[in-house]
Amino acid sequence: MVINTNTSAIRASRFLAESGSLLSKSLSRLSAGTRIVSPEDDAAGLAQSLKLSTQVKRIEAVMQNNANLVSFLQTQDGFLNKVTQALDRMSEIAVLAKDATKTSQDIALYQAEFDQLQNFINSVYEKKFNGVNLFSDSILHPVIDGQGTTKELAGANLALAVGKGNGEFTINLKFTGGLNDDQKNAFYSAANRWQSIIMKDLVNVGAVDDLEITVTAANIDGPSGTLAQAGPGAIRGGSPSLPVTGSMTFDTSDLNSLTTDGRLYAVILHEMGHVLGIGSLWDTQGLVVTTADGPQYQGQAGVDEYNAIFGTTFSTLPAEDDGGVGTAEVHPEESSNRTISGDAAPGLDNELMTGFAESAGTPMPLSRISIGFLDDLGYTVDYAEADAYSGPGTGTGPRRGISMHDVEKIKMTVQDVSSLRARVGANLADALNRQETLQIEKENLSQATSRISDTDVAKESVQFTKAQILVNSGSAMLSQSNALPEATLRLIGA
């Protein structure tokens, strides 16, 4: 028995401190709801739970992105549903208009409704979702997992699907930059219009099916100068000698102004006509000659259509004699101050393929005369696709879309839009399935994180009760630890 060192008290104090620490940890775990209150509790488990928690956060972000994609696709499908309904009515109108008992006034009313529906479809091309075009050829790259993996989602190009013709003659467009989605859609619509006019396939040259056009936006000469430069590139050998490739370069400044004032589609359609060979191949094919009356176009089909419209009997029609290189002799005459052998030869004024663009709001019809130019070059054409035109200052257009008189093309457009909607539907189903898969992955990862880091309340409650009893017991025993030194004092008679 000793006096100086009370080992029993020291031991009791140590046990009380340990019990107190256990009680404190249990209180922290129960109040925080987590098993790992500080790193020393489970260093490896803490690292693993942090990695899993971060992965869950990434998956939550992917789920948010995917939910936005679902909304994007649902909006696409909603518009396509309305377009399909419009096409159904247009198909019905086209058949009703063929009724032999209908008067010209009846048909005009049908045409008015048909045009309104066509305008609605055209307006859908430029619809956006949070600033992103709904109907373009831009490829989307949605993230599909927590590792940042993406997949390609092909664009749903409505402009490419509407009115593209029978699919025999194909114009492939290659964009090299500088154009936005709305501008690209205008190019697709122009390509569709020419495809609907040209009825027969041409012999492929290498990998090119009919015609490949490279489209570029560049600074040419600033606003209100040269709007665009376009023409054929490689030419097929043999007969007919028609383009294999071509190029179209638009002035960047004029692109924006043409988009704003609504003339972009008409100018694109005009320039694409040059790529097909209108004007650009007249000289090489001997279709333009110089006479005492100035430059004259002598292709039979074009001249016949000119004579039919103006009631003349000319063997040529006047080609443009103003404007210099790039305008003169590669367009039909615009003004009506020309004569042929002394007789007045009317100019085409606002017709699409004349050499000078009209002001905003002025119709620029693609007439039977311009379709005749294609016929003379060697294309097989459909004259029924022409816009209404009866002379200077008349007509409508250029039409963007489908003719009311072509039931077959309307049927093909319905099929093409239905196919487009089916693809959007497949993308939507995939996005919804992915959302469910991500939810399951999040659930399982969250459960794994919980097993590592969350407090088992039942188990911890047992530990808390045990630690609480030990603290109470240790406190009581520490208070009794002075009993032995007191007994020692009694032995020495203190």
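Give the residues of region 293-308 that are among the hydrophobic types (A, V, I, L, M, F, W, C) and surrounded by 18 or more Cβ atoms within 10 Å (Cβ to Cβ), sorted by residue number.
Ala301, Val303
So, Thr214, is that one among the polar types (S, T, N, Q) and in a loop (DSSP other than H, G, I, E, B) or not?
no
When residues of region 59-95 are filtered for being farther than 22 Å from Ile440 by Cα and within 17 Å of the chain's Cα centre (by Cα), how many remain?
So the count comes out to 10.
Just one of the numbered conditions (1) under 18 Å from Ile402 (Cα atoms); (2) over 36 Å from the mean Cα position of the chain (by Cα); (3) assigned to a helix (DSSP H, G or I) is not true of Lys98; which one?
Lys98 satisfies every listed condition except (3).
Need the failing condition index for Ser403 against (1) buried (at least 23 other Cβ atoms within 10 Å of the Cβ); (2) under 32 Å from the mean Cα position of the chain (by Cα); (3) part of a loop (DSSP other than H, G, I, E, B), just the number.
Result: Ser403 fails condition (1) only.
Residues in region 276-286 that are surrounded by 22 or more Cβ atoms within 10 Å (Cβ to Cβ) and in a loop (DSSP other than H, G, I, E, B): how many?
Total satisfying the criteria: 5.
Any idea which of Asp387, Asp375 is surrounded by 15 or more Cβ atoms within 10 Å (Cβ to Cβ), in a helix (DSSP H, G or I) and outside the structural domain of Asn65 (by TED's automatic domain parsing)?
Selected residue: Asp375, the only one of Asp387, Asp375 that is surrounded by 15 or more Cβ atoms within 10 Å (Cβ to Cβ), in a helix (DSSP H, G or I) and outside the structural domain of Asn65 (by TED's automatic domain parsing).
Scan region 205-222 for residues that are over 28 Å from the mean Cα position of the chain (by Cα) and either within 30 Å of Ser253 (Cβ to Cβ) or outside the structural domain of Ser247 (by TED's automatic domain parsing) (or both) and jot them down.
Asp221, Gly222, listed by residue number.
Suppose we filter Ile36, Ile59 for residues that are in contact (Cβ under 8 Å) with a residue 60 or more places away in the chain, out of contact with any Pro (no Cβ under 9 Å at 6 or more places or on another chain), surrounded by 15 or more Cβ atoms within 10 Å (Cβ to Cβ) and outside any helix (DSSP H, G or I); which single one remains?
After applying the criteria, what remains is Ile36.
How many residues are modelled with pLDDT of 85 or more and not hydroxyl-bearing (Ser, Thr, Tyr) if we restrict to region 210-224?
Qualifying residue count for the region: 7.
Does Thr5 fit the bill of being without any contact (Cβ under 8 Å) to a residue 60 or more places away in the chain, of a type in the set (Ser, Thr, Tyr), on the phi < 0 side of the Ramachandran plot and surrounded by 14 or more Cβ atoms within 10 Å (Cβ to Cβ)?
Considered against the rule, which asks whether it is without any contact (Cβ under 8 Å) to a residue 60 or more places away in the chain, of a type in the set (Ser, Thr, Tyr), on the phi < 0 side of the Ramachandran plot and surrounded by 14 or more Cβ atoms within 10 Å (Cβ to Cβ), Thr5 comes out as no.
Every residue in region 239-283 that is touching a residue at least 40 places away in the same chain (Cβ under 8 Å), over 25 Å from the mean Cα position of the chain (by Cα) and farther than 14 Å from Gln229 by Cα, please.
Selection gives Ser239, Pro240, Ser241, Leu242, Leu281, Trp282, Asp283.
If you go through region 162-187 one residue at a time, how many are surrounded by fewer than 23 Cβ atoms within 10 Å (Cβ to Cβ), farther than 19 Å from Asp254 by Cα and under 16 Å from the mean Cα position of the chain (by Cα)?
2
Can you confirm whether region 334-341 contains a residue that is among the charged types (D, E, K, R), assigned by TED's automatic domain parsing to the domain that holds Glu385 and surrounded by 18 or more Cβ atoms within 10 Å (Cβ to Cβ)?
So far as region 334-341 goes, yes, one or more of its residues are among the charged types (D, E, K, R), assigned by TED's automatic domain parsing to the domain that holds Glu385 and surrounded by 18 or more Cβ atoms within 10 Å (Cβ to Cβ).
Quickly run through region 140-161 and pick out the residues that are in a loop (DSSP other than H, G, I, E, B), within 16 Å of Asn180 (Cα to Cα) and modelled with pLDDT of 85 or more.
Ala156
Between Ser31, Ser53, Ser104, which is out of contact with any His (no Cβ under 6 Å at 6 or more places or on another chain), modelled with pLDDT of 80 or more and exposed (fewer than 13 other Cβ atoms within 10 Å of the Cβ)?
Selected residue: Ser104, the only one of Ser31, Ser53, Ser104 that is out of contact with any His (no Cβ under 6 Å at 6 or more places or on another chain), modelled with pLDDT of 80 or more and exposed (fewer than 13 other Cβ atoms within 10 Å of the Cβ).
Take the residues in region 335-351 that are charged (D, E, K, R) and within 38 Å of the chain's Cα centre (by Cα), then tell me which one is modelled with the lowest pLDDT.
Per the stated criteria, the residue is Asp349.
Mind counting the residues in region 101-136 that are outside any helix (DSSP H, G or I), touching a helix residue (DSSP H, G or I) at 6+ places or on another chain (Cβ under 8 Å) and closer than 24 Å to Asp416 by Cα?
Final tally of qualifying residues: 9.
Considering only residues that are farther than 18 Å from Pro365 by Cβ, in a loop (DSSP other than H, G, I, E, B) and hydroxyl-bearing (Ser, Thr, Tyr), which ones fall in region 304-339?
Selection gives Thr312, Thr313, Ser315, Thr316, Thr327.
The values are calculated or read from the model by the stated rules, or taken from the named source; none is laboratory data. A quick note: this is a predicted structure, and the numbers were derived from the prediction, not measured. Heads up, the Cβs are rebuilt from the backbone with ideal geometry, glycines too, and the neighbour counts pull from every protein chain shown.
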